[in-house]
Amino acid sequence: MSTEPKKQLLRDKRNGKVAGVCAGIANYFNIEVWLVRIIAVTAIIFGHGFIAVLYIAMWMILDEKPAHSSGRSHDTIEVKTKVWQAGEPPRAAYREISGEFGDLEQRLQKLERHVTSNAFKIDRELNRL
């Protein structure tokens, strides 16, 4: 069972240029904002106005992303993901990555305990019947 919150399509005015619709779509689908903007502008130019109406409708319908819901707490440091972004100190990156690997190690140990348990073997044999 996943502990991540459900993704929502929200306008991201903090990273947006006009209304944050393209930034919200990019955030939802986890793609670059500039790519969504290029697609949107191209679609508006060649879409005979339908995309412009759709953009305005999404501007009015979609809720705005709250300023504090970036998915991370304010005190965490993000890892450098793009060439032009400033990186984080190596020690902070190491602590964050080793914490994530520690969590993965615990999940893997739990999975290994389950797979090597007698209950798993019995369930597998019952499924074969």
**Prompt:** Which of the residues spanning the range 104-129 are of a type in the set (Asp, Glu) and surrounded by 10 or more Cβ atoms within 10 Å (Cβ to Cβ)?
**Reply:** 105, 112, 123
**Item:** Search result, residues across the range 40-88 that are outside any helix (DSSP H, G or I), at pLDDT 70 or above and not small (Gly, Ala, Ser)
**Value:** 48, 62, 63, 64, 65, 66
**Request:** Pull up the range 18-39, narrow it to residues that are in a helix (DSSP H, G or I) and exposed (fewer than 14 other Cβ atoms within 10 Å of the Cβ), then point me to the one that is farthest from the chain's Cα centre (by Cα).
**Result:** 38
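The values are calculated or read from the model by the stated rules, or taken from the named source; none is laboratory data. Treat the numbers as computed from the prediction; the structure is a model and nothing was measured. Don't worry about glycine lacking a Cβ; one is built from the backbone with ideal geometry, like all the others, and counts go over all protein chains shown.
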